[in-house]
Amino acid sequence: MERKKKVETIAHNRRAGFEYSFIDRYTAGIQLTGTEIKSVRNREVNLSDGFCAFQDGELYLKNVHIAEYVDGSYNNHEMKRDRKLLLKKMELKKISLKMRDKGLTIVPIAMLISENGYAKMDIAVAKGKKTYDKRDSIKQRDVTRDMERGR
């Protein structure tokens, strides 16, 4: 009998959807240490202040808080260290070309555990929304919510 595991979302960056409009989305692997993956599986992750940046031609996840593992002892990790994102060379090249445009950034959208048990990060090349765009998002969300209640 074959058992299939589902992709499990660990953390979601709701603020990113409000602050940015997404242009392209990618799913990247993330390089974690032993105590980090244990904390991720315990859902002790905060993506709200996180962003991605290039260093030496590689993409790194910065300012994402992964809490210390309780039973980690002296092997524990730094909570806000830079973590390398694992993407194919062609994807990295596409992202770096898009980053040359003014006003674009790379934001983490969600962290998940794949079917194989690996930690993955959904990232997006995004453009910051203006104030009136944010008001439109709020208005659209309220209309959708009212329609759902009416059913």
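For the reader, a short list of remarks on this structure follows.
- Any hit, the range 43-55, residues being over 15 Å from the mean Cα position of the chain (by Cα), surrounded by fewer than 16 Cβ atoms within 10 Å (Cβ to Cβ) and either of a type in the set (Val, Ile, Thr) or over 18 Å from residue 125 (Cα atoms) (or both): no
- Qualifying residue in the range 109-118 (condition: aromatic (Phe, Trp, Tyr) and touching a residue at least 12 places away in the same chain (Cβ under 8 Å)): yes
- Remark: residue 142 falls outside the filter, which requires a residue to be in a loop (DSSP other than H, G, I, E, B) and over 18 Å from residue 16 (Cβ atoms).
- Single condition residue 117 does not satisfy, out of (1) in a loop (DSSP other than H, G, I, E, B); (2) buried (at least 20 other Cβ atoms within 10 Å of the Cβ); (3) of a type outside the set (Ser, Thr, Tyr): (2)
- Test for residue 60: is it among the aromatic types (Phe, Trp, Tyr), out of contact with any His (no Cβ under 7 Å at 6 or more places or on another chain), crowded, with 16+ Cβ neighbours inside 10 Å and modelled with pLDDT of 90 or more: yes
- Identity of the residue in the range 74-88, part of a loop (DSSP other than H, G, I, E, B) and buried (at least 16 other Cβ atoms within 10 Å of the Cβ), that ends up farthest from the chain's Cα centre (by Cα): 76
- Some residue of the range 32-50 being in contact with a strand residue (DSSP E or B) (Cβ under 9 Å, 6 or more places away or on another chain), within 27 Å of residue 137 (Cα to Cα) and assigned to a strand (DSSP E or B): yes
- Some residue of the range 139-151 being hydrophobic (A, V, I, L, M, F, W, C), over 20 Å from residue 36 (Cβ atoms) and either in contact (Cβ under 8 Å) with a residue 40 or more places away in the chain or out of contact with any helix residue (DSSP H, G or I) (no Cβ under 8 Å at 6 or more places or on another chain) (or both): yes
- Just one residue in the set 95, 113 is of a type in the set (Val, Ile, Thr), modelled with pLDDT of 90 or more and within 19 Å of residue 33 (Cα to Cα); that residue is 113.
- Any hit, the range 89-105, residues being at positive phi and either assigned to a helix (DSSP H, G or I) or loosely packed, with under 12 Cβ neighbours inside 10 Å (or both): yes
The values are calculated or read from the model by the stated rules, or taken from the named source; none is laboratory data. The shown structure was predicted, so the numbers you read here are calculated from the model rather than taken from an experiment. Note that we place each Cβ from the backbone using ideal geometry, even for glycine, and neighbour counts take in every protein chain shown.
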